[in-house]
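Encoded as structure tokens, the structure appears first; notes follow it.
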Amino acid sequence: MTDIRYPVPQCDISLPSTTAPEVLLKLLDMHERTAHPSTTPTTASMTTRVKAEKVKRPVVSASGTSEEWTYFAQRWSEYKQATRLTGEDIIFQLLECCDEALCKDLTRSFRNLTSYDEPTLLGHIKSLAVRQENVMVARLQLQQTTQDRDEPVRAFSARLKGQASVC
């Protein structure tokens, strides 16, 4: 009676030839999965990964409203988290968020933009990107806000909340 050896040179396993073929196949399969996982591709490595779409960088432009600034600030925070920005990359990416006109205004007003930290640079951008509004004007606009004819309730509610946040 001869033993059946596993066909991998580094393996010393052998099974008796009297073992039933079905059992032999199961034992060899179990041994292969546990003792030699890298020799054959597993189902986990054969599955295709879905490639996530790139995160779109938010954009800020001059002469915006405070509501638009709040939206930009929220999107900027999410973008930083999603792209795992650190160090100087934060400053460079933040400057790339500005449209061309705003970037020119920033450069004219504040020299050497890359030397600032993020909160200071955000403050400088906000000072040029957001036109100052009178709170009473914002409140008056809120009071006069009505739902458009074909506007869904949720869209109207979101618009109201946005205007209320300015007040």
### Query
So which residues in segment 60-107 are of a type in the set (Asp, Glu) and either free of Cβ contacts under 8 Å to residues at least 12 places away in the same chain or in contact with a Pro (Cβ under 9 Å, 6 or more places away or on another chain) (or both)?
Glu78, Asp89, Glu100
### Qualifying position, being closer than 17 Å to Val166 by Cβ, open to solvent by 90 Å² or more (accessible area, probe 1.4 Å) and within 25 Å of the chain's Cα centre (by Cα), among Glu68, Glu96, Glu53
Glu68
### Query
Which residues, taken from segment 110-121, are surrounded by 14 or more Cβ atoms within 10 Å (Cβ to Cβ) and in a loop (DSSP other than H, G, I, E, B)?
Phe110, Tyr116
### Query
Of the numbered conditions (1) surrounded by 10 or more Cβ atoms within 10 Å (Cβ to Cβ); (2) at pLDDT 75 or above, Pro37 satisfies every one except a single condition; which is it?
(2)
### Task
Kindly indicate whether Lys126 is among the basic types (Lys, Arg) and at pLDDT below 90.
no
### Query
So which of Lys80, Lys51, Lys56 ends up being assigned to a loop (DSSP other than H, G, I, E, B) and modelled with pLDDT of 90 or more?
Lys56
### Of all residues in segment 122-163 being of a type in the set (Lys, Arg) and farther than 26 Å from Ser77 by Cβ, the one that is least open to solvent (accessible area, probe 1.4 Å)
Arg139
### Query
Considering segment 106-143 alone, what residues qualify as being of a type in the set (Gly, Ala, Ser) and either touching a Ser or Thr at 6+ places or on another chain (Cβ under 7 Å) or within 17 Å of Val59 (Cβ to Cβ) (or both)?
Ala129
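The values are calculated or read from the model by the stated rules, or taken from the named source; none is laboratory data. Only a predicted model underlies this, so the values are computations on that prediction, with no experimental measurement involved. Neighbour counts run over all protein chains shown; Cβ positions are idealised from the backbone, glycine included. With ligands, DNA and RNA removed, areas are computed over all heavy atoms of the protein, side chains included. Shrake-Rupley method; radii C 1.70, N 1.55, O 1.52, S 1.80 Å.
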